[in-house]
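Computed from the coordinates by the stated procedures, all read-outs in this text should not be read as laboratory data. Keep in mind it's a predicted model, so treat the numbers as computed, not measured. We place every Cβ from the backbone using ideal geometry, glycine too, and count neighbours over all the protein chains shown.
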Amino acid sequence: MGLLDNKTAIVTGSSRGIGAEVAKNLAAEGAAVVVNYRQKAPRANKVVAGIEAAGGRATAVGADLTTQEGVQALASAAMENFGSLDVLVLNASGGMESGMADDYALKLNRDAQVNMLNAAVPLMKEGSRVVFVTSHQAHFINSVPTMPEYEPVARSKRAGEDALRELLPNLAEKGISLVVVSGDMIEGTVTATLLDRSNPGAIEARRAEAGKLYSVEEFAEVVASMATADVESGHTEYAGGSDYFGKGAE
């Protein structure tokens, strides 16, 4: 028996990286998983195929979360395919991609997170769990400086976390809990790669400073575990980067 048997999870931004690994972990615990992608359908289908090959259930749904249509389509997909929505993992983020509008980071990292949650809540029963994925660089941005290249993204992600925390009383009324997972820089992620490209040596420097950086797989295990962890709503789970602690968090 898995911890998520007969449950359904949506994982935003799950066609690769952390999101894909979280989807696999949730499926291994018995959840039916809605794998979300923005453009790369083959990658998402590969994640679904891997879950199904391991005996799990999953479906891939293309949705741009910066549009209301995309948000609604993703929320509806859980009900249409699996009949419930019990876990929402808000993993999708961005802002360092080239060619995007100036307000894209805020639209994705704050507005889309709130819109996705608001679309999901009416479908979620008492006891459901929402997990928001962020970084120490964003979570601690008000007290610990980050690299200039990343600061706009960090501030937009912190704005997203703050906006979600403002909804805690509304969630409590419905018996839905919210947990934040904050991780240090993660080896092998798109963000880390882009940061290292714009600031060569950034990853190596952070690794030396922290002593160890989590891999995508290691961090995904932490994120997935928070879907069922016995913690209070509003809890922040930290992964790595202990040198940040004591410098101001919430």
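Observations on the model:
- From helices alone, the chain scores -12000 deg cm²/dmol at 222 nm; the rule is -39500 (n - 2.57) for each run of n ≥ 4 DSSP H residues, then divide by the residue total.
- Debye, to nearest 20: dipole size of the stretch 8-239, +1 on Lys, Arg Cβ, -1 on Asp, Glu Cβ: 380
- Peptides 58-67, 25-34, 42-51, 209-218 ranked from most to least packed give 25-34, 58-67, 42-51, 209-218, packing being the mean of other C-beta atoms within 10 angstrom over each peptide's residues.
- Pairs of Lys residues in the chain, spaced 8 or more positions apart or belonging to different chains, with C-alpha separations under 24 angstrom: 14 in total.
- The chain: DSSP helices with Cα axial extent of at least 20 Å and average Kyte-Doolittle hydropathy no lower than 0.0: 68-82
- All distinct Cα pairs of the chain go into the 1/r average, and the inverse of that average, the Kirkwood radius, is 18.0 Å.
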